[in-house]
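The values are calculated or read from the model by the stated rules, or taken from the named source; none is laboratory data. What you are looking at is a predicted structure, and each value in this text was computed from that prediction instead of being measured. Cβ atoms come from the backbone with ideal geometry, glycine included; neighbour counts cover every protein chain shown. Side chains are part of the model used for accessible areas, which takes the heavy atoms of the whole protein and leaves out ligands, DNA and RNA. Shrake-Rupley method; radii C 1.70, N 1.55, O 1.52, S 1.80 Å.
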Amino acid sequence: FSTKQSSKTPYSNSSMQGSSDSLDIFPPGSHVGAEMSDRTTKKVIVGILVMLIGIPLLQPDEVAYRNKLAMTTVFENRMLLMDGIDNNEVENWEFAESLFVESTDCIDIAYSGFNDGLVKETIVPEGRSRIQELRIDAMEVITVSDASFTYSMTSVFDITGRVREEAILAILLTSFVIFLLGLGMVSFTKDVHNLVIVPIEHMIQLVREISENPLGKDLSLRAVDNNKQKDDGMETTLLIRTISKIAGLMRVGFGEAGADIIGKNLNITHGADAMNLLGTGRKIHSIFGFCDVRQFTDTTECLQEEVMLFVNRIAHILHSIVVQC
């Protein structure tokens, strides 16, 4: 048993080592991605909270039980008359029915199964809509009956007001959702524009200016000044500064003679191996100046670290004379 356990131990260690190595393959997350994720999460949470608060306010109230409860009261008073017609009970039923008609939008009442000699249909007040004038969606039919379904009471209600209210609330709810989705889309697009698109456009503009005027001294300075105030640690900002520094190094390394080489290679947009640092030769007119500093070794020993200032002073004088020629 111990031998088998020892033979399996190296295998388990190697598998764990392989899994840890596979995790190291994935690159670390960028600051731009983290910022985008953070902003998106916050805005989604705010949008959901606004929807949870706004949608219930635009929902119609449920009033279906009010009419049925009033009908039940009238029906029970009518059922009491089955044991014998009493004037007080008749008055109670008529009062309950008239109160029911006045307090609701009832437009028709019909009784079924009653043989007490009383009316089986109730005349609703004038001025209310008739069944023939309403659509099916604007009517609500409720029936109340006893346990054996022998006696029943059926009422028709005019729910035009409720249907109109539900339609208006539905329009408002749809408009609210569209507005919220549009606002979210604009907000998300603004984040992408500020964090990704604008820095990329700055990079493209910087490369275009370098290709048009490789010796322009204000290109890198302008790009750096625009990003000094946005030291946010974003990779896009770092790329803009890097391009600016590379432009400065190219100006120093290539000089005026290499300006055309830089511009031509930056303007090439096709071909994988389109880099051509040599190019074709061309004739130029030049003036060469030569200066020989005698006993420069002794001068270096005397001036020490200030010898570079001495050399630069001589070079400045020589360059000025050559330019004037």
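Quick rundown of the values:
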quantity: Number of the exception - residue 53 against (1) part of a helix (DSSP H, G or I); (2) touching a residue at least 60 places away in the same chain (Cβ under 8 Å); (3) within 30 Å of residue 186 (Cα to Cα); calculated: (2)
quantity: Which numbered condition residue 75 misses (of (1) at pLDDT 85 or above; (2) over 21 Å from residue 142 (Cβ atoms); (3) open to solvent by less than 60 Å² (accessible area, probe 1.4 Å)); calculated: (2)
quantity: Selection from the range 187-196 of residues that are open to solvent by less than 70 Å² (accessible area, probe 1.4 Å) and over 12 Å from the mean Cα position of the chain (by Cα); calculated: 195, 196
quantity: Residue 96 being open to solvent by 30 Å² or more (accessible area, probe 1.4 Å) and hydrophobic (A, V, I, L, M, F, W, C); calculated: no
quantity: Residues of the range 287-309 that turn out to be among the aliphatic types (A, V, I, L, M) and more than 25 Å from residue 324 (Cβ to Cβ), as a count; calculated: 2
quantity: Failed item, numbered, when residue 113 is tested on (1) open to solvent by 20 Å² or more (accessible area, probe 1.4 Å); (2) on the phi < 0 side of the Ramachandran plot; (3) modelled with pLDDT of 75 or more; calculated: (2)
quantity: Residue satisfying all of: in the range 83-93; surrounded by 14 or more Cβ atoms within 10 Å (Cβ to Cβ) and not acidic (Asp, Glu); farthest from the chain's Cα centre (by Cα) among these; calculated: 90
quantity: Given (1) modelled with pLDDT under 85; (2) of a type in the set (Gly, Ala, Ser); (3) over 30 Å from residue 73 (Cβ atoms), index of the condition residue 182 fails; calculated: (1)
